[in-house]
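Remarks on the structure that follows.
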Amino acid sequence: MAVLPEVKKNYGKLRLLIGGEWVDSQTPTVNQTVNPANGEIIAEFPTATRQEARAAVEAAQKGFEALRKIALRERARMLFDMRQKFEEHFDELTRVLTQDHGRTIGESRGSVRRCIENIESACSAAYGMAARNEHIDQLASGIDMWMTYEPLGAFLIVTPGNIPMHAWSSFVPYALAAGCSVVISPSRQDPVAAEYVNRVALEAGWPKGAINMIHGGRAINKYILEQPEIQGLGFIGSTNAGRDLFEFCGKLGKNSSINGNGKNTVVVMPDADVETIVPFIRQGCFGMTGQRCLGSDNIVVVGDIYDKFKALFVAEAQRIKLGYGLDETTGMGPYCTAAGRDKVIAWVEGALSEGAAMVLDGRRPPASLAQGFFMGPTILENMHPDMSAAKQEAFGAVAGLIRADSLDEVIQWINTKTDLGHSACIMTESGRNARKFAQEVIVGNVGINVGVPQPYAFFPLGSKKKSFLGGAKSRMASMRLFLDEKTVTARWE
């Protein structure tokens, strides 16, 4: 297969999106972003000033006032048009995402496809909102009552570096479907991908100010939240940063949807078809270089199939080819940042210091990849649920093997040994065990014979415990973030 061309070698100095226009920032603070596969600078981007953040908020308020006057059918048409624009720019978006983030081209194609699915789901949510309106005639003598859903206003959307496009689509299309405007604050890790997804979205003809984007940081995010026009926050990122913003929203009396870290487990039961499930678990542990909230780094093997599973899993991991994601033969790309890779290395070394044993060491990638932020698949064993490494998210292409005697024991570990609750998967041929696991495990997303329990767009990301804070989950459930109910009681006699 060929190595796909880059959309651009360098994207120059990125701009801010305010009121439907791409504008130069007046800030003296300019940052650089690099291609994680080779360390080459691919763009410069600004850290917006407070004045620019305020201008984005004012533009979003005007965008909201325009959006709420647009008929539901017209908003739905623009969502359909936006979906078509994503299809037209599909290849361009995937190559930009690979170059800016580091994932493989196949993973980028999957991510952009998830964006399209979210846009489709948002369109159905818009019509579903209308269908849920309730009207009761003659509730009492001469009295009618009805309830409607109304958009709240402008929202801040904060997206992470690991899924810059997918996270965007988990909130923005739904806000637009509801009639709300947005100010987007993307991660500093991959700003080119953030710009391109908004450029494509604007082609659908949204009113000026409906979609705004600035490059800021925590201080600017809090400043935006303080503005009276901003009604709330949609956030995907770390639990620590999310908790800080959740508490800040609470002080301000504003709504929020906070999606944080995970510590996910795959359980391999004695009756599992090991040859079939190993590729699924490989994808769950090493796909996207392990940089996703539904990825797993704990693998618990129940019973006497440990040795067989370990041998097949190590062989599968050893076949993964490291390289630049635009090479279609690449099986795993670099980490998005050098700091992210180094944090995973520190996690591995911490596990070793706690007594884990190295099975497959990916800390020293080939010398030919030294300019990028690479680390190969890494497998540890002799792990135990009481280890810090078994409780803390690696957020990398790492798998820790844990032995267990029973499913009850594993469920108890998942429910009590970590305060995070994104997902858990079970590999089994037993419907009884699968049902028990799904009912009893305290996580929001359960997988049965799948490595990544990714909900389709019209389901929420149903995380639990400290993996989620707020009043509404992301994706379809975010309509509860953007809408409020109003009841009307009318007397005619």
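Could you tell me how many of the residues in segment 399-410 are part of a helix (DSSP H, G or I) and crowded, with 21+ Cβ neighbours inside 10 Å?
Selection size over segment 399-410: 2.
Given the conditions (1) at pLDDT 85 or above; (2) over 16 Å from the mean Cα position of the chain (by Cα), report the number of the one that Cys115 does not fulfil.
The number of the failed condition is (2).
Would you pick out the residues in segment 352-398 that are farther than 22 Å from Cys336 by Cβ, part of a loop (DSSP other than H, G, I, E, B) and among the aliphatic types (A, V, I, L, M)?
Ala356, Met387
Report the residue count in segment 251-284 for those that are crowded, with 24+ Cβ neighbours inside 10 Å and within 30 Å of Gly471 (Cα to Cα).
The qualifying residues number 11.
Please specify each residue of segment 133-167 satisfying the condition of being outside any loop (DSSP other than H, G, I, E, B) and either within 18 Å of Arg75 (Cα to Cα) or not assigned by TED's automatic domain parsing to the domain that holds Lys473 (or both).
If the condition is that a residue be outside any loop (DSSP other than H, G, I, E, B) and either within 18 Å of Arg75 (Cα to Cα) or not assigned by TED's automatic domain parsing to the domain that holds Lys473 (or both), then Thr148, Tyr149, Glu150, Pro151, Ala154, Phe155 are the ones that fit.
Residues that are farther than 30 Å from Arg491 by Cβ and among the small types (Gly, Ala, Ser): does segment 129-142 have at least one?
no
Just checking, does segment 48-71 include any residue being among the hydroxyl-bearing types (Ser, Thr, Tyr) and touching a Lys or Arg at 6+ places or on another chain (Cβ under 9 Å)?
no
It is to be established whether one or more residues within segment 112-130 are in contact with a strand residue (DSSP E or B) (Cβ under 6 Å, 6 or more places away or on another chain), outside any helix (DSSP H, G or I) and at negative phi.
No: segment 112-130 contains no residue that is in contact with a strand residue (DSSP E or B) (Cβ under 6 Å, 6 or more places away or on another chain), outside any helix (DSSP H, G or I) and at negative phi.
Among the residues of segment 411-422, which ones are assigned to a helix (DSSP H, G or I) and in contact (Cβ under 8 Å) with a residue 12 or more places away in the chain?
Listed by number, the residues that qualify are Ile411, Trp413, Ile414, Asn415.
With the structure loaded, tell me whether Thr378 is closer than 29 Å to Gly323 by Cα and assigned by TED's automatic domain parsing to the domain that holds Met332 or whether it fails that test.
yes
How about segment 32-71: which of its residues are free of Cβ contacts under 8 Å to residues at least 60 places away in the same chain and of a type in the set (A, V, I, L, M, F, W, C)?
Val34, Ile41, Ala55, Ala71
Among the residues in segment 48-69, are any surrounded by 17 or more Cβ atoms within 10 Å (Cβ to Cβ), at pLDDT 95 or above, outside any helix (DSSP H, G or I) and not β-branched (Val, Ile, Thr)?
For segment 48-69, residues surrounded by 17 or more Cβ atoms within 10 Å (Cβ to Cβ), at pLDDT 95 or above, outside any helix (DSSP H, G or I) and not β-branched (Val, Ile, Thr): present.
The values are calculated or read from the model by the stated rules, or taken from the named source; none is laboratory data. Computed from a predicted model, the values in this text were never measured in an experiment. As a convention, Cβ positions derive from the backbone with ideal geometry for all residues, glycine included, and neighbour counts pool all protein chains shown.
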